[in-house]
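The values are calculated or read from the model by the stated rules, or taken from the named source; none is laboratory data. None of these values were measured; they are calculated from a predicted model. For neighbour counting, all protein chains shown are included, and Cβ atoms are generated from backbone atoms with ideal geometry for every residue, glycine included.
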Amino acid sequence: MDRFIVCFLVLGLLISGCPQERGSSPGVLEPPALENCTDSDGGKDEFAHGTSTLGSESESDSCTGEGEVLEYFCSLGAIESEEIACPAGHGCQGGECVELNCFDTDGGSVPEAKGTVQYDGKQYTDYCRAGGSVHEYYCGEGVAEEDVACAAGEVCEGGRCIEGPACTDTDGGKELHEGGTVTAGGRNYEDYCLGTYVVYEYYCENGAKKAEQVSCPEGEYCVDGICAEEEEHECEDTDGGKKTWKKGTVTYWSGGEEYTETDKCYDDYSVLEVWCTDGGTVGFGILECESGESCEDGKCMD
């Protein structure tokens, strides 16, 4: 019996002396796992629609206009965004830049706005026609075009219709012996020679710009836009020199024979201009149009 009691006590001491398993300290939280930012289109790719996700937050690429993408992407573990413009010939559709068969910057036949149509790798820009109308390009079956007259009180300037000022004429009307300049719609129109004996005369009528071909009186010929007494001459230029905005014809004489040369387009943006030199001979040169102008029928136009 005594032996049994001793064994029981020894067993109790052994159990009480054994180390216990170490548990978690009460009130101490484990650090949360970091959330990864992902982007389905792999980053800043305006040619693919993507969605950036961070935990429960997600943002998808979208269009901010006809030609810009609001692009979402991951940066330093966070979702960032940036507006990216689509390149020429592309537009934004469904949150990505796509190639367009036809795209019009002013949205159609809109005479109040100067637009450019992009089609098949080429560009077609609205411009002003003589008489106060806009030559409009727009998307149809390919590229469509038409002349649109400006409304009453408006004039065409820079490829669009704007409210026009009153018409003024420095020579007071159809004055053949004085060179005049008509100002209308923010532009100037100078009288010039249309051939050896004809003046192309600008004038105002009822507040609008008009033009008329007027023959010089007998014994006179046209020089620099006015009729003057006829005299011996070797070279004449109907537009009065190096004027890219006017189509002129040079008449000159060599060996008793009369010859003519007329300004023509060298390419879409420059004129092969002819003029009279100080020595009475004919000069040639390629002159570039001003910025925003193109060559049509031997002269630069907006």
Please find, among Thr251, Thr196, Thr244, Thr260, the residue that is farther than 26 Å from Cys167 by Cα and either basic (Lys, Arg) or assigned to a loop (DSSP other than H, G, I, E, B) (or both).
Thr196
Taking the range 51-83 and keeping residues under 30 Å from Tyr124 (Cβ atoms) and either of a type in the set (Ser, Thr, Tyr) or under 18 Å from the mean Cα position of the chain (by Cα) (or both) leaves Ser62, Thr64, Gly65, Glu66, Gly67, Glu68
Check the range 252-261 and report whether any residue there is surrounded by fewer than 17 Cβ atoms within 10 Å (Cβ to Cβ), free of Cβ contacts under 8 Å to residues at least 40 places away in the same chain, touching a strand residue (DSSP E or B) at 6+ places or on another chain (Cβ under 7 Å) and hydroxyl-bearing (Ser, Thr, Tyr).
yes
Of the numbered conditions (1) more than 17 Å from Tyr189 (Cα to Cα); (2) at pLDDT below 90, Asp224 fails exactly one; give the number of that condition.
(1)
Of all residues being of a type in the set (A, V, I, L, M) and at pLDDT below 90 in the range 85-116, which is nearest to Glu163 (Cα to Cα)? Just the residue, please.
Ala88
Going through the range 227-241 in order, the residues found to be outside any loop (DSSP other than H, G, I, E, B) and at pLDDT 80 or above are Cys227, Ala228, Cys235, Glu236, Asp237
